[in-house]
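The values are calculated or read from the model by the stated rules, or taken from the named source; none is laboratory data. Keep in mind the model is a prediction, meaning the values are calculated, not measured. Reconstructed Cβ throughout: ideal geometry from the backbone, glycine too, with neighbour counts over all protein chains shown. Please note that ligands, DNA and RNA were not included when accessible areas were found on the heavy atoms of the full protein model with its side chains. Shrake-Rupley method; radii C 1.70, N 1.55, O 1.52, S 1.80 Å.
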Amino acid sequence: EAQEELARRQREQARQHQQEEKARQEREDLASQERKQQLQLQHEEQERQQREELARQEREQQQHLQQEQLRELLARQQREAQEEQERLAEQERRLQQQLQRLAKQQQEADEAHQQQQQQ
């Protein structure tokens with residue numbers, strides 16, 4: 001009977017030991033899963049931040065590009081306005097010369113007319 005009790009106790013201890021081992025394994029598995037999830041979350045967060053940074057850089061590049069295009073457009077318009085001013089100034093100068101020639105011709109014609117009348 002004592003041997004039966006001993007055998008029963010040993011079986012009970014073995015069963016208890018198995019349950020403890022199983023519980024320990026389950027805790028380790030859970031901890032491992034949690035670590036994996038944590039790593040996955042960190043990875044996703046890093047990717048999200050990288051995407052945001054890339055998008056920000058692209059927006060900045062786009063703005064720089066637009067500013068550059070605007071600067072070029074402004075410079076071209078200023079050049080064109082300058083050329084137009086120069087063209088108008090040249091046209092005005094030619095008209096002034098023409099006016100002076102006409103005034104001189106008119107004066108000469110008037111003088112010739114006066115001389116004819118005097119004769």
Give, in nm to one decimal, the length gained when the segment between Gln67 and His113 is fully stretched (0.36 nm per residue of separation minus the Cα-Cα distance). 9.8 nm
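At 1.4 Å probe radius, can you tell me the per residue accessible area of the chain in Å²? Write out the running numbers ahead of the final one.
On the way: 12040 Å² over 119 residues.
For the chain, the per-residue accessible area is 101 Å².
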Would you mind getting me the FRET efficiency between Arg48 and Ala81? Use the beta-carbon distance for r and R0 = 35 Å, nearest 0.05. 0.10
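If you build the convex hull over the alpha carbons only and average its shadow over all orientations, what do you get for the stretch 23-67? Give it in nm² to one decimal.
Numbers: hull surface 9.1 nm².
Averaged projected hull area, Cα only: 2.3 nm².
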Can you give me the Cα centroid spacing of the stretch 8-23 and the stretch 80-119 in angstrom? 125 Å
Karplus-derived 3J(HN,Hα), 6.51/-1.76/1.60, for each residue of the stretch 85-97, Hz, glycine and proline x: 4, 5, 4, 5, 4, 5, 4, 5, 4, 5, 5, 4, 4
For the stretch 105-117, in order, what is each residue's ³J(HN,Hα) by Karplus, 6.51 cos²θ - 1.76 cosθ + 1.60 with θ = phi - 60°, in whole Hz (x at glycine and Pro)? 4, 4, 4, 4, 5, 4, 5, 5, 4, 4, 5, 5, 5
What does the helix-only formula give at 222 nm for the chain: each DSSP H stretch with n ≥ 4 adding -39500 (n - 2.57), the total divided by the residues, and the result rounded to the nearest 500 deg cm²/dmol? -38000 deg cm²/dmol
First check a/c for the chain, with a ≥ b ≥ c the square roots of the eigenvalues of its C-alpha gyration tensor; if it is under 1.5, answer rounded, and if not, answer prolate when a/b is larger than b/c or oblate otherwise. prolate
Could you work out how far apart the two model spin labels at Ala103 and Arg59 are, taking each label as a point 7 Å from the Cα in the direction of the beta carbon, and quote it in nm? 6.5 nm
Separation in nanometres of the label points that stand 7 Å from Cα toward Cβ, at Leu39 and Gln18: 3.3 nm
